[in-house]
Amino acid sequence: MRPKRRLAIVSLAAGLCATAACAAALRHPTPEDVTLLAPKWPGTTLADLQRGRSLYVRRCSGCHNLVLPAAHSPGAWPERVDRMADKARLRPGEREDVVRFLVAVASDDRGGASR
Amino acid sequence: MRRVLQAALALAVSAGGAAASERHFTYTYESSVLRPGARELEPWNTFRLGRSGSYGALDTRVEAELGLTDRLQTSLYLNLTAVTADTPLGRSSSTELEGISSEWKLKLSDPVADRAGVALYGELSAGPSEVELEGKLILDKRVGRLLGALNVVVEEGWNFDEPGTERQTTFEVDAAAGWFLTPRLTAGLELRSHTVVPPGGEPTRSALFLGPTVSYAKHGWWVAASVLPQVRALAGASHGHLDLVEHERVEVRVLFGLEL
């Protein structure tokens, strides 16, 4: 392969990798999210929210591309998750974890906080 | 035939939401896998047109996919090829059962939740005259309405037609970028670099294809199509700047997915 072509391919690959590295990903829950949810769902733990994130990524991506939580209002998430919970094989406790994670991150991200 | 069409239509109407395995490109794979227990039928058709002399080929693959776990899916293909080409004895046509393939795809990370989606892909094909083993690294990323994907592919093939076994290596790099015009409709560009290293010291032949791709997904079914003309030979040019010995002037591929 000629050096110019090799350089072009390497540049393209590097550009894609850089784009991916800089792009937003689904953030992990923090203690601040637990505090945020306390008035509505007291007793929610960081472990609950971490489990919610993990379930959201593994179960929901089997049926559709994931959307970032801020794509919908916090109030819209419980109904959206309810509608698809059976298909995603979410048991009641798991469904609660997913909803709380999505509501927490949607509330925070739509409020303009950045992490 | 009418009954088959009616059954396919009924399945399309009655099936649930579109599966995450919907493809937005035709050569470039994405990292998504079917959810456990989900099944999908995917007929593929690839038209390869224009070599030296008159040449046309149709590759048909019928794929049945099954989701095994949150990260792993498998599928089985039936592969057929029909070719019409000029030979020294005149024009000839043939249809051949190429064989069957078993595909395994393991998703390692998600294109939205993680920095990039990553998946490993392996495929074993076996037919009356050849065996092929293919490995693929799949990378993809979705940012808002933009979707990008990159595949690096290595394939080893063993052909038993000739006296003695012939071994051939193929390298392929596929890259694609698409834009979600609506949540269901994407349009983009796909780039394919295909390099064949033949046995016995014959020259390496490599070609670059580039063209538009579109996809549409609805509840229970999806379709993706591309037209990729050869833009230039990277090695082994035979007709001007093109290779028309191992590759065609244009490849047109249409994929259809039906959730079962």
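The values are calculated or read from the model by the stated rules, or taken from the named source; none is laboratory data. The structure presented is a predicted model; accordingly, all values stated were derived computationally and were not measured. So basically every Cβ, Gly included, is an ideal-geometry build from the backbone, and we count neighbours across all protein chains shown. Calculation scope for accessible area: heavy atoms of the full protein, side chains included, ligands and nucleic acids excluded. Shrake-Rupley method; radii C 1.70, N 1.55, O 1.52, S 1.80 Å.
Each of B:His239, A:His64 has its accessible area taken with a 1.4 Å probe; listed largest first, they run B:His239, A:His64.
For chain B, the per residue solvent-accessible surface stands at 46 Å², with DNA, RNA and ligands left out and a 1.4 Å probe. The string of couplings for the range B:117-125 from the Karplus curve (6.51, -1.76, 1.60, θ = phi - 60°) is x, 10, 8, 10, 9, x, 9, 10, 10 Hz, one whole number per residue in order, with x for Gly and Pro.
Between B:Arg184 and B:Ser102, how high is the FRET efficiency from 1/(1 + (r/R0)^6) when r is the Cβ-Cβ distance and R₀ = 35 Å? Nearest 0.05. Spell out each step's value before the answer.
Working: r = 31 Å, r/R0 = 0.89.
For R0 = 35 Å, the calculated efficiency reads 0.70.
Summarising the amide proton neighbourhood of B:Arg35: residues at separation of 5 or more, or on other chains, whose placed amide H is nearer than 5 Å comprise B:Ala20. In a simple Cβ point-charge model (Lys, Arg +1; Asp, Glu -1; nothing else charged), the range B:120-260 has a dipole of about 1020 debye relative to its Cα centre.
Chains A and B together bury roughly 2100 Å² of accessible area, counting both sides, with a 1.4 Å probe on protein heavy atoms only. Does the protein assembly as shown come out rounded, prolate or oblate by the C-alpha gyration tensor, with a ≥ b ≥ c the root eigenvalues, rounded set by a/c under 1.5 and, if not, prolate when a/b is larger than b/c and oblate if not? Verdict is prolate for the protein assembly as shown.
Phi-derived couplings, Karplus 6.51 cos²θ - 1.76 cosθ + 1.60 at θ = phi - 60°, listed residue by residue for the range A:55-70: 5, 4, 5, 7, 7, 6, 6, x, 10, 7, 5, 5, 10, 5, x, 5 Hz, with x used for Gly and Pro. Helix content alone sets the calculated 222 nm mean residue ellipticity of chain B: runs of n ≥ 4 DSSP H residues at -39500 (n - 2.57) each, divided across all residues, give -1500 deg cm²/dmol. The lysines within cross-link reach of B:Lys105, meaning a Cα-to-Cα straight distance under 25 Å and a gap of 8 or more places when in the same chain, are A:Lys87, B:Lys136, B:Lys141, B:Lys218. Couplings 3J(HN,Hα) of the range A:79-85, computed from phi: 5, 5, 5, 4, 5, 10, 4 Hz, in residue order, whole Hz [Karplus 6.51 cos²θ - 1.76 cosθ + 1.60, θ = phi - 60°; x for Gly and Pro].
Given H placed 1.01 Å from N in the peptide plane, which residues other than close sequence neighbours of B:His219 have an amide H under 5 Å from its amide H? Residues meeting the amide H criterion: B:Ala18. With respect to chain B, whose longest principal axis is taken over its alpha-carbon atoms, helix B:2-14 is tilted by about 40°. Would you tally the net charge around B:Gly200, using a Cβ to Cβ cut-off of less than 11 Å, leaving B:Gly200 out, and scoring K and R as +1, D and E as -1? Residues near B:Gly200 contribute -2 overall. Surface calculation, 1.4 Å probe, protein heavy atoms: B:Ser54 sits at approximately 40 Å² accessible. How large is log10 of I(q)/I(0) for the range A:42-102 at q = 0.26 Å⁻¹ when the intensity is taken from the Debye formula with one equal scatterer per alpha-carbon? Computed log10 I(q)/I(0) values: -1.21. Remark: spin-label model distance B:Val231-B:Leu124 equals 3.8 nm, labels positioned 7 Å along the Cα→Cβ axis. Residues whose amide H lies under 5 Å from that of B:Arg232, counting only those 5 or more places away or on a different chain, are B:Leu208; hydrogens are built 1.01 Å from N in the peptide plane. You can think of it this way: the chain between B:Thr204 and B:Leu80 has 42.1 nm of extra reach, that is 0.36 nm per residue less the Cα-Cα gap.
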